[in-house]
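Computed from the coordinates by the stated procedures, all read-outs in this text should not be read as laboratory data. Because the structure is a prediction, the values reported are computed rather than measured. No Cβ is skipped: glycine too gets one built from the backbone with ideal geometry, and neighbour counts run over all protein chains shown.
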Amino acid sequence: MVNLQDMTLKMTASPHLKSPKKTDWIMKQVVIALLFPLAAAIYFFGIKSLFMVIVGILSSVLFEYAYQKIKDQPVRINDYSAVITGMLLGLSVPVTAPYWSIVVGSFFAIVIIKQLPGGIGRNMFNPAVGARVMLKVFFSPWITNWVTPGRGTDVVSTATPLESIGHFSRTVGEDVPGLWDLFLGVNLGGNIGETSKAMILLAFIYLVVRGVINMKIPLLYVITVAVISSIYGGYDTTYMMTHVLSGTLVFAAVFMATDYTSGALTPGGQTIFAIGAGVLTIGIRILFDFPGGVGFAILIMNALSPLIDKYLAPRIYGHKKRPKVSLS
């Protein structure tokens, strides 16, 4: 017979079924995955690429630490989320971008987008995406110069592939690099972390194997762009693959569209989020040729995610209707 007086009840906050994958572990896996495109950036653009990422990390962590200290909040820089934001920002600009622009982007990402709404888990928009769009809108041409790797610190300005296949174009210009160069990042300019799709693919495989991201989101995002561009381009494989391998699409699909906080949470919502981002991305590309279309597409879907989840919440077993989800 059990003596209830000898029992000690321990009261803890929910959830009581806890996952062994904690926030800091998940973030560390993303940091490791980002080392793949970082290695490619250093190889193609030189050691400055590493310094740009370091500036992004240090400034992001510093802004988060300072904000939380000023607001007398628990300091949570050990969760590595600010580190990831800094790495993404450093990898999201061309090698010609001045260091101060990365610092400005870090401030906007950490303070304005992430901390003001309440910190990690409460921000509607992806901090890195919001910051990179802000930089491209207000700080061009520093952030939009398309440069090809040169010797040492020398760079050569060239037109972007998106300028050739955008703005109602249905053909690929002769000056656009071949598909193999686009995939490997050989003789290809642009943002330093986004040129080598081969390294981004390795990062994608790593994150999927480690169970960090849902492969459905990146695949649906990229496939949507591929299908629509194929139809619009008269089923020209080269035109379609140039869209897939150009710009920020693959990088953003792996590292930004899969963000836990700013994306949809329900299974159906994640499907709509990925397809919607793909439709918006290819729509912006076809109609315009300005940089940042992927960023705008993801931000729009970030804003729509709460509404999508509201109407696509799974039906609870034993109930005939879906639960009503409050957006507040």
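Over the stretch 23-312, calculate the relative contact order: mean separation of alpha carbon pairs under 8 Å at least 6 apart, over the residue count, as a percent.
20 percent
With label points built 7 Å along Cα→Cβ from the Cα atoms of Gln68 and Arg122, find their separation and express it in nm.
Going by the 7 Å Cα→Cβ label model, 1.3 nm.
What is the mean projected area of the alpha carbon convex hull for the stretch 44-103, to one decimal in square nanometres?
Across all orientations, the stretch 44-103 yields a mean hull projection of 4.1 nm².
Once Lys and Arg get +1 and Asp and Glu get -1 on their Cβ, which of Gly56, Met27, Tyr99 lies farthest toward the positive end of the dipole of the stretch 23-312?
Met27
In whole angstrom, and with the biggest value first, how far do the Cα coordinates of the stretch 167-209 range along each principal axis?
38, 22, 18
So how many Lys-Lys pairs in the stretch 23-312 land under 20 Å Cα to Cα, not counting same-chain pairs under 8 apart? Intermediate values should be presented prior to the final figure.
Working: Lys28/Lys114; Lys69/Lys114; Lys71/Lys114; Lys114/Lys136; Lys197/Lys216.
Lysine pairs meeting both conditions in the stretch 23-312 amount to 5.
Report the dimensions of the stretch 23-312 along its three principal axes from the alpha-carbon atoms, largest first, rounded to Å.
That works out to 57, 51, 36 Å along the principal axes.
What's the center-to-center distance, using Cα atoms, between the stretch 99-117 and the stretch 239-257 in Å?
Cα centroid of the stretch 99-117 versus Cα centroid of the stretch 239-257: 24 Å apart.
Explain nothing, just the number: dipole magnitude of the stretch 23-312 about its Cα centre with +1 on each Lys and Arg Cβ and -1 on each Asp and Glu Cβ, in debye rounded to the nearest 20.
580 debye
When Leu307, Leu245, Leu88 are ordered from fewest to most other Cβ atoms inside 10 Å of their Cβ, what list results?
Ranking Leu307, Leu245, Leu88 by Cβ neighbours within 10 Å, fewest first, gives Leu307, Leu245, Leu88.
I'm a student and want to see the number: the projected area of the Cα convex hull of the stretch 169-250, averaged over all directions, in nm².
Seen from a random direction, the Cα hull of the stretch 169-250 projects 5.6 nm² on average.
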